[in-house]
1. Can you tell me which of A:Asp162, A:Asp80, A:Asp253 moves the most in a GNM of chain A? Springs connect C-alpha atoms under 10 Å apart.
2. If you add up the charges near A:Ala323, with Lys and Arg at +1 and Asp and Glu at -1, over every other residue whose beta carbon is less than 15 angstrom from its beta carbon, what do you get?
3. Once label points are set 7 Å from the Cα along Cα→Cβ at both A:Arg140 and A:Arg311, what is their separation, rounded to one decimal in nm?
4. Just checking the output field for A:137-145: average partner chain Cβ neighbours within 10 Å of each residue's Cβ?
5. How far is the Cα center of segment A:102-138 from the Cα center of segment A:145-169, in Å?
6. What residue among A:Glu226, A:Glu85, A:Glu101 has the largest mean-square fluctuation in a Gaussian network model of chain A, using Cα springs under 10 Å?
7. When DSSP beta bridges are limited to those with both residues in the protein assembly as shown, what percentage is antiparallel, rounded to the nearest 5?
8. In percent, how large is the relative contact order of chain A, given Cα pairs closer than 8 Å and 6 or more residues apart?
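The values are calculated or read from the model by the stated rules, or taken from the named source; none is laboratory data. These numbers come from a predicted model, not from an experiment. Cβ coordinates were reconstructed from backbone atoms using ideal geometry, including for glycine residues, and neighbour counts include every protein chain displayed. These accessible areas exclude ligands, DNA and RNA; they are computed on the full protein's heavy atoms, side chains included. Shrake-Rupley method; radii C 1.70, N 1.55, O 1.52, S 1.80 Å.
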Amino acid sequence: MPKVEHTLHGDRKVFTVSSFNRGIGMHLGRLPPVWVEGEVTELRRNDAWANVFLTLKDPKTGACLSVTIARRTYDRLELDLTEGETVHVAGRAEIYELKGELGLRATTIERIGLGDQLVALEQLKRKLAAEGLFAPDRKRKLPRVPRAVGILTGADAAARGDLVATIGARFPATTLVVHEARVQGKGAARAIVVAIAELTSRTDVDVVVLARGGGSFEDLLPFSDEAVVRAVAASRVPVVSAVGHEQDTPLCDLAADVRAATPTAAGALVVPDLRDLESALGATRRRLGLALRSQVDRDRNRLGRQGERLRAAPRLLLERRRAALDRSGARLETLSPLATLGRGYAIVRAGGGVLRAADQARPGDLIDVQLAAGSLDATVREVHAK
Amino acid sequence: MSEQRSFEELQRELEEIVTRLERGDVPVDDAIALFCQGETLYKECVARLQGAELQIEELVPREPGM
């Protein structure tokens, strides 16, 4: 390494820029290796380059630090870093002599944000699950025909547009109450909680949809925030969670009453199809008409039968009387002496009375013999009294 | 009267009326009254569905710095 040389102008020591930078570099080189935490930005990697460059950013203040790491070292780590991830970088301070820029010469990089956040998320999930916030028996049924649908959305035109289009096409006879809120980054969780409270304070809102398109793990984190998850679970009306993509499961998905894979799917869940509803109504009305008609028919038939019975009543009475009369006649007939005469008997009368014994007559008396057909006038010749 | 009632309530009442009529044990005068009531409910339901345009209301966030 070239020495740090200066020239003398009188008693003044003067360094060249290169010497100065090199001198600072030597001082920096005596500093111990350190770990630095920051967010990855401006990651530049090229197969043709010996080094990989990135800028570490302090998320709180925005302060930046250039990081250089040997490409081979970087590749061996297999980090597959993306912008915005929080990492720990181990290295020493160095100066880029040509530019006089301070940097960090990295020996290794570790991804930290995700790991810690995942652990925290898992703990929160277990805690809330233990409280029963995700229990299936907490899930409420969605209203079939909501008076108004509350929609919480970020400034995310796509998610909002899909939801509005789906609901508008299926069931325009409703009202959408849209609350745009900051859904990612600092303050998002608080904004989401406030938005849920405002949406559910509207008495006509019968269901709330959380509509948030896809995003990175960190972007979706506010939807796993404890306050947000509790607000979803405590909501006055059922909540449909359409947050992130299919593979994402923010905790609000677990606390929501229904989870929708996309905003479009959510739209189809929260409102019925107008045409289905109209045809169902039509069917109900037909049943109404039919029910009345069959009721009237039944009554008319009953009336008809009653009329018939009424008209038939006198004839029945007459017939019954006649039958009774016939029976009396028959009995009378069997008692009549005429019937006896028919069997060959005769009635003998004398002096206006009926003869029951031979000694009631004397020889020479005139007697009248009545037969079944006709009668004889006769004279008694002899009496044989018993 | 029905202005405050939800579509679902109206529809449920209509369904109840139809079910009662279908049981067929309602005196005919009551049946006719029920039918008229059902017709009114049906018309109210249809009126709510037809010609409605999607209303969109924006709630303005109250938090500053949004």
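1. A:Asp80
2. Net of charged neighbours comes to +4.
3. Inter-label distance under the simple model: 6.4 nm.
4. 2
5. Cα centroid of segment A:102-138 versus Cα centroid of segment A:145-169: 30 Å apart.
6. For chain A, modelled as a Gaussian network with Cα springs under 10 Å, the answer is A:Glu101.
7. The answer is about 60 percent antiparallel.
8. Result for chain A is 9 percent.
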